[in-house]
Amino acid sequence: MSEIRKVRSEELKAVSGELKCGDKILLSGVVYTARDAAHKRFNALLDEGKELPIPLKDAVIYYAGPTPAPEGKPIGSCGPTTSGRMDRFAPRLLDLGLGGMIGKGERSQEVRDAVMRNGAVYLCAIGGAGALACNCIKSCEVVAFEELGCESVKKLYVEDFPLVVADDCHGGDIFSDGRAKYCRV
């Protein structure tokens, strides 16, 4: 089993070449949430030649739709969404500089190819543990599409968010090689 490595979100793409499928990391720094509705809007903005409401270069997007924050907390439950739902949008965002994605489940070959082509990484969070994940989130701010409610784009600051490298930039894929069932953060 590999050791757990601490990684800053802004450095994720820069160290992606050192990360291998199955590696465990603790991610800290800024992460943006975006699910289906936000990705559709991102795509429409790009089609219109407009800028996105978040900086894509080396950014990390967490496929999550957090619940409202209970009193005294920055956020409610914040578990990962099935990543495959964003597969039609991910290659374009990766080609525009996205550094990494966080979600659950396997990705299409097109996404895996874009991860390799761009030196990025796809990370898996623990599915079904949204209440646990929210303990790693220290702040939450809506930055775009507020009218989408839980699917609005949020800027999170995370500390030691436990993740597993599912697709690395060398072509490793935890789902195709059978290791996913042994993966524990």
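Of note:
- Accessible area (Å², per residue) of the chain, counting only protein heavy atoms and a probe of 1.4 Å: 46
- Residues considered: GLY76, GLY65, GLY149. Largest GNM mean-square fluctuation over the chain, using C-alpha springs under 10 Å, is found at GLY149.
- Secondary structure note: in region 63-159, about 60% of the DSSP beta bridges are antiparallel.
- Lys/Arg +1, Asp/Glu -1 at C-beta; the chain dipole; positive extreme among PHE42, ILE54, GLY84: GLY84
- Between GLY103, GLY171, GLY49, the GNM of the chain built on Cα springs shorter than 10 angstrom shows GLY49 fluctuating the most.
- Difference of contour (0.36 nm per residue) and Cα-Cα distance, LYS6 to LEU132: 43.5 nm
- Computed extension length for MET116-CYS150: 9.2 nm, one decimal, from 0.36 nm per residue of separation with the Cα-Cα distance subtracted.
- Bridges between two residues of the chain, per DSSP, are antiparallel at a rate of about 55%.
- Equivalent ellipsoid semi-axes, region 14-108, via Cα gyration tensor eigenvalues times 5, rooted, Å: 21, 19, 14
- For the residue pairs LYS13/LYS73; LYS20/LYS104; LYS50/LYS154, the C-alpha atoms sit more than 27 angstrom apart in LYS13/LYS73.
- Surface composition of the chain: carbon plus sulfur atoms hold 51% of the accessible area, using a 1.4 angstrom probe and ignoring ligands, DNA and RNA.
- When trypsin sites (Lys or Arg not before Pro) are flagged only if DSSP places them in a loop and at most 11 other Cβ atoms lie within 10 Å, the longest unflagged stretch of the chain comes out as 58-183.
- Three-way shape label, the chain, alpha-carbon gyration tensor, a/c 1.5: oblate
- Charge dipole of the chain (Cα centre as origin; +1 on each Lys and Arg Cβ, -1 on each Asp and Glu Cβ, all else neutral): 300 debye, rounded to the nearest 20.
The values are calculated or read from the model by the stated rules, or taken from the named source; none is laboratory data. Keep in mind that what you see is a predicted model, and the values were worked out from it rather than measured. Note that each Cβ is placed from the backbone with ideal geometry, even for glycine, and that neighbours are counted across all protein chains shown. Note: areas computed on protein heavy atoms with side chains; ligands, DNA, RNA excluded. Shrake-Rupley method; radii C 1.70, N 1.55, O 1.52, S 1.80 Å.
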